[in-house]
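Here's the structure we're looking at; comments come further down.
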Amino acid sequence: MNTISPRALLVRGMLAGLLAGVAAFLVAYVLGESKVDAAIAIEEAGEAAHDHAEAAPVSRALQATAGLGTGTLLYGLALGGIAALVFCFALGRIGRFGPRATAALVSGGLFVTIALVPFLKYPANPPAVGDPGTVVRRTTLYLLMIALSVLLASGALILGRRLAPRLGNWNASVIAALAFVAAVAVSYAVLPGINEVPEDFPAALIWQFRLASLAIQATVWATFGLAFGFLAERAIAPAAAPKEAVQPTS
């Protein structure tokens, strides 16, 4: 492989992140916006019944288009840069994998670590769900779950690498994965739960909204893994050496 600077990979990671943000916007608009509209309608109906309805400072149409697009692009850009730096560290250190395979492993690992694990403990909620007075507490717990997941995943990687020389790569990986799952389960049990869904809120709507949120995250990381793997391989893989011209014999 040719040597390449982390800066070059960072640029490619941010580009792949932008592509992932575009894909996430499309999924969010198609799958999520109708659920958000339905939840807002329920919220506005409740506010109207209590004479507390207020005009939104930003129109719903602008939120669902420019606002959503800006948010997903910035989200993809930031995560693309972070994932590219993780890729720089992981390449050649987690096994004899090429750039595409390493990018896929990094994307899958980050999806599980910073998206799936926190989601299973503190799933996303649509508008009209959640007490406004507890938003700081809920946000803090969610960020704490992300931090714990990252730390536990890092510990599992270190454990797997230390066990590999004695047990082999496969056995070490299985033990590390089981240790990670067990540690996450303990974290779930220790951290407080949050259940602020109103009793009269449609269960189907909140379930569909949460599935859409998870689909958006999966789209981000799948798109990034494919795009960045392609870009990284083109940057790292050596070009085929040109064949020497055959000199005619005299």
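Are any of the residues in segment 28-47 within 22 Å of Pro202 (Cβ to Cβ), modelled with pLDDT of 85 or more and β-branched (Val, Ile, Thr)?
Scanning segment 28-47, I find at least one residue that is within 22 Å of Pro202 (Cβ to Cβ), modelled with pLDDT of 85 or more and β-branched (Val, Ile, Thr), so the answer is yes.
I'm checking my understanding of the structure. Among residues of segment 199-250 that are under 28 Å from Tyr75 (Cβ atoms) and assigned to a loop (DSSP other than H, G, I, E, B), which one is modelled with the highest pLDDT?
Ranking the qualifying residues of segment 199-250, first place goes to Pro202.
Since Leu148 meets every condition but one in (1) buried (at least 16 other Cβ atoms within 10 Å of the Cβ); (2) on the phi > 0 side of the Ramachandran plot, which condition does it not meet?
Status for Leu148: all satisfied but (2).
Considering segment 58-110 alone, what residues qualify as being in a loop (DSSP other than H, G, I, E, B) and more than 26 Å from Arg234 (Cα to Cα)?
Correct list: Val58, Ser59.
Write out, first by first residue and then by second, each pair whose Cβ atoms fall under 8 Å of each other, whose residues are 6+ apart or on separate chains, and whose first residue, in segment 105-125, is more than 13 Å from Ala218 (Cα to Cα) and touching a residue at least 12 places away in the same chain (Cβ under 8 Å) while the second is crowded, with 20+ Cβ neighbours inside 10 Å and of a type in the set (Val, Ile, Thr).
Pairs found: Asn125/Ile206.
Exactly one of these conditions fails for Glu196: (1) surrounded by fewer than 18 Cβ atoms within 10 Å (Cβ to Cβ); (2) part of a helix (DSSP H, G or I); (3) touching a residue at least 60 places away in the same chain (Cβ under 8 Å); (4) not aromatic (Phe, Trp, Tyr). Give me its number.
All conditions are met except number (2).
Matching residues to (1) closer than 27 Å to Leu31 by Cβ; (2) open to solvent by 40 Å² or more (accessible area, probe 1.4 Å):
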| position | (1), (2) |
| --- | --- |
| Ala164 | no, no |
| Gly168 | no, no |
| Ala182 | no, yes |
| Ala185 | no, yes |
| Ala189 | no, yes |
| Phe209 | yes, no |
| Phe224 | yes, no |
| Ala232 | no, no |
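Yes or no, residue by residue, for (1) in contact with a helix residue (DSSP H, G or I) (Cβ under 8 Å, 6 or more places away or on another chain); (2) free of Cβ contacts under 8 Å to residues at least 60 places away in the same chain; (3) within 21 Å of Ala90 (Cβ to Cβ):
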{"site": "Val174", "(1), (2), (3)": "no, yes, yes"}
{"site": "Ala177", "(1), (2), (3)": "yes, yes, yes"}
{"site": "Ala182", "(1), (2), (3)": "no, yes, no"}
{"site": "Tyr188", "(1), (2), (3)": "yes, no, no"}
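Of all residues in segment 76-100, how many are in contact (Cβ under 8 Å) with a residue 40 or more places away in the chain, more than 20 Å from Ser5 (Cβ to Cβ) and either surrounded by fewer than 16 Cβ atoms within 10 Å (Cβ to Cβ) or of a type in the set (Gly, Ala, Ser) (or both)?
3
So is Gly108 modelled with pLDDT of 90 or more, surrounded by 17 or more Cβ atoms within 10 Å (Cβ to Cβ), within 20 Å of Ala227 (Cα to Cα) and not acidic (Asp, Glu) or not?
Answer is no for this residue.
The values are calculated or read from the model by the stated rules, or taken from the named source; none is laboratory data. Keep in mind it's a predicted model, so treat the numbers as computed, not measured. Cβ atoms come from the backbone with ideal geometry, glycine included; neighbour counts cover every protein chain shown. Accessible surface areas use protein heavy atoms only, side chains included; no ligands, DNA or RNA. Shrake-Rupley method; radii C 1.70, N 1.55, O 1.52, S 1.80 Å.
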